[in-house]
1. Taking a temperature of 37 °C and a viscosity of 0.692 mPa s, what whole-number D in µm²/s does Stokes-Einstein yield for the stretch 1-124 with Rh from Kirkwood over alpha carbon pairs?
2. Beyond 18 Å between alpha-carbons counts as too far, so tell me which of Lys56/Lys179; Lys20/Lys64; Lys24/Lys49; Lys22/Lys44 fall in that bin.
3. Give me the orientation-averaged projected area of the Cα convex hull of the stretch 145-185, in nm², one decimal.
4. Taking Rh as the Kirkwood radius computed over C-alpha pairs, what is the Stokes-Einstein D of the stretch 99-141 at 10 °C in a medium of viscosity 1.306 mPa s, expressed in µm² per second?
5. Once the Cα atoms of helix 2-16 and of the chain are each reduced to a long axis, what angle between those two axes, in degrees from 0 to 90 to the nearest 10, is obtained?
6. Can you tell me the length gained on complete extension of the stretch Ser117 to Leu29, counting 0.36 nm per residue apart and subtracting the Cα distance?
7. Of the listed peptides 97-105, 42-50, what is their order by residue-averaged count of other C-beta atoms within 10 Å, with the highest listed first?
8. Kindly write out, for the stretch 53-69 in residue order, the coupling ³J(HN,Hα) from the Karplus curve 6.51 cos²θ - 1.76 cosθ + 1.60 (θ = phi - 60°), rounded to whole Hz, with x marking Gly and Pro.
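The values are calculated or read from the model by the stated rules, or taken from the named source; none is laboratory data. Note that the structure is predicted; figures quoted are calculated from it, not measured. Counting neighbours? That spans all protein chains shown, and the Cβs are built from the backbone with ideal geometry, glycine included. All accessible areas refer to the heavy atoms of the entire protein, side chains included, with ligands and DNA or RNA removed. Shrake-Rupley method; radii C 1.70, N 1.55, O 1.52, S 1.80 Å.
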Amino acid sequence: MIVFLIVLLALMLLLLFPIKLKAKVVFNLLSNSGYISAFFFRFKVFLGKISLAPTKLILQTKKKLSYLYFFENKSKEDFSEIFFGDLIKHIRLNDLRFIGRFGLFKNCLLTSLCCGSTMAIMGALYAVLNSSRGQIPSDIRLFPDYRHNTILICFTSSITINLLAIIRSFITTICQYSKRSQKNGN
């Protein structure tokens, strides 16, 4: 009986307390390559290489190659798109950092103007994000590089989500997907 109560208590704590992940995106615009990683404590959960094409984002992991299309008009969404769209609403950002390095060789004026413009744009995006999701601690750093041609950006964030929100999103998605399939079937 005591073992059952301990397991039940552990399950309840797991459902209520959030899971904390650390995510990082590093991208070099000049070489059109980068990577996305996610860690749970110090354990790697996800690692993939990314690159951009004119209409899609290419994500390559060890096992498969995936494409995310920017301008695709699909009337039907599949199960995973509905699920992750609903799940994103429940993710909390705890700490958001933008670190970048920008430089155009032998053009200090353009390097400085681009750094200032990028800082202003990122500040505006953080203001919009803070107004829609609540106050998020953030840090913006952009370093000019006057000696090399480089455009390197890095986003780092700690995200939390609890298991109860994942289960709720899954059940909501099942209900929406079944209603949509019944509507299209009749």
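1. Estimated diffusion coefficient is 175 µm²/s.
2. Correct reply: Lys56/Lys179; Lys20/Lys64.
3. Working: hull surface 24.8 nm².
Reported value for the Cα convex hull: 6.2 nm².
4. Values: Rh = 11.6 Å.
Translational D for this selection: 137 µm²/s.
5. Helix 2-16 sits at roughly 40 degrees to that axis.
6. Separation in residues times 0.36 nm, less the Cα-Cα distance, equals 30.0 nm.
7. Working: 97-105: 18.1, 42-50: 12.1.
Output ranking for 97-105, 42-50: 97-105, 42-50.
8. In residue order, the calculated couplings are 10, x, 10, 8, 9, 9, 10, 10, 10, 5, 9, 8, 10, 10, 10, 10, 7 Hz.
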